[in-house]
1. If you check residue 57 against the conditions, is it under 18 Å from residue 139 (Cβ atoms) and assigned to a helix (DSSP H, G or I)?
2. Run down 2, 9 and say which single residue is at pLDDT below 95 and either part of a helix (DSSP H, G or I) or among the small types (Gly, Ala, Ser) (or both).
3. Only one of these conditions is not met by residue 237: (1) free of Cβ contacts under 8 Å to residues at least 60 places away in the same chain; (2) out of contact with any Phe, Trp or Tyr (no Cβ under 9 Å at 6 or more places or on another chain). Which number is it?
4. Is it fair to say residue 103 is closer than 12 Å to residue 120 by Cβ and assigned by TED's automatic domain parsing to the domain that holds residue 134?
5. Scan the range 219-249 residue by residue and report those that are farther than 20 Å from residue 136 by Cβ and within 18 Å of the chain's Cα centre (by Cα).
6. Looking at the range 193-205, can you tell me whether even one residue there is within 30 Å of residue 36 (Cβ to Cβ) and either among the β-branched types (Val, Ile, Thr) or without any contact (Cβ under 8 Å) to a residue 40 or more places away in the chain (or both)?
7. When you scan the range 165-255 for helices (runs of 4 or more DSSP H) that lie fully inside it, which ones turn up with 2 or more residues that are under 25 Å from residue 279 (Cβ atoms)?
8. Tell me, which residue of the range 179-198 that is more than 13 Å from residue 228 (Cα to Cα) and of a type in the set (A, V, I, L, M, F, W, C) is surrounded by the fewest Cβ atoms within 10 Å (Cβ to Cβ)?
Amino acid sequence: MRAPRRPRRALGAFTTLAAALIAFTLAAPSDRAMIVPLVGALVPGSYESVAGAPPPEMARAVTAVLAATLGVAPPPYLTLRVYGSRAALERGLVHDGGLSPLAASELSTSAIGVALPRTVMLLDDGVDGDRVRLLAHETMHVLQLELAGTGRPAQWLMEGSAEWAAFTVLERLGGAGVDERRRRAREVTRTYLAADAAFSPAGVQRPADFRRWQRAVGDLVAYQVAYTLANELADRAGARAFVVYFRALGEGTNHAAAFERAFALTPDAFIAAVRASLAGAASRAVIEPG
């Protein structure tokens, strides 16, 4: 079953804008370029119906879940660009995204999704993958950018909360295996933090530092650690604390002050609490097997 269509009247004043933007984006080298209006009510269907929907309907459903969870209004539209190969994505990052050829070449070697203000760029090269999860991750980045403006969020928190958003969307839509994915991510994080006593989120705060760490430990470990830290924040302070954090940055607050305002503890106190929590959980697992 297809995801339900948003009523035609909900497009309202954005119809003319969307038409103009479509005319512009179709001139770009994307294999597919779509302007997706995000205004108006939408009741997402099941995971299966959303996963089987065309990209614009999938984007509207995913955005509706995230906006409701976070308690924010979505941007009026999303530009969705789809590329059929890594070479096409690399060209698009330069032509559509404004990246330098060097940055585009580096990013396109591993990325399957890239977010820019009100824009999501996706690789669709025929390889099987969970497009709902990917789109949720990148759409969360769009919302982060919308809230933070010119502020400078911590990269680990951007990536971690985007992974949290992906799992949350899957869970809200009834996708399978979310609890097991969370358990595995938590175990990877526990093992990693136990092995690296010197790790601190402050060391992966800047984008370049996060990328170096990602290359050193691998994509899986980096994103599962970042996700687990973000999930701990959501469990402690609630999902809307992410909004408080990113919005504070948009108001000119620095990372440390925004973090403490949103999550009610300092970054150093937070990582210490996470280490203690994960170590305690491991001890209880040894004492109480099964």
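The values are calculated or read from the model by the stated rules, or taken from the named source; none is laboratory data. For clarity, every value in this text was computed on a predicted model and none was experimentally measured. Every residue, glycine among them, receives a Cβ derived from its backbone with ideal geometry; neighbour counts consider all protein chains shown.
1. yes
2. Unique residue meeting the criteria: 9.
3. Among (1) free of Cβ contacts under 8 Å to residues at least 60 places away in the same chain; (2) out of contact with any Phe, Trp or Tyr (no Cβ under 9 Å at 6 or more places or on another chain), residue 237 violates only (2).
4. On the way: closer than 12 Å to residue 120 by Cβ: no; assigned by TED's automatic domain parsing to the domain that holds residue 134: yes.
So residue 103 fails the test.
5. Within the range 219-249, the subset farther than 20 Å from residue 136 by Cβ is 221, 236-237, 244, 247-249.
Answer for the range 219-249, where residues must be farther than 20 Å from residue 136 by Cβ and within 18 Å of the chain's Cα centre (by Cα): 221, 244, 247, 249.
6. Of the residues in the range 193-205, the ones within 30 Å of residue 36 (Cβ to Cβ) are none.
So far as the range 193-205 goes, no, none of its residues is within 30 Å of residue 36 (Cβ to Cβ) and either among the β-branched types (Val, Ile, Thr) or without any contact (Cβ under 8 Å) to a residue 40 or more places away in the chain (or both).
7. Here the list reads 178-195, 207-217, 219-237.
8. 198
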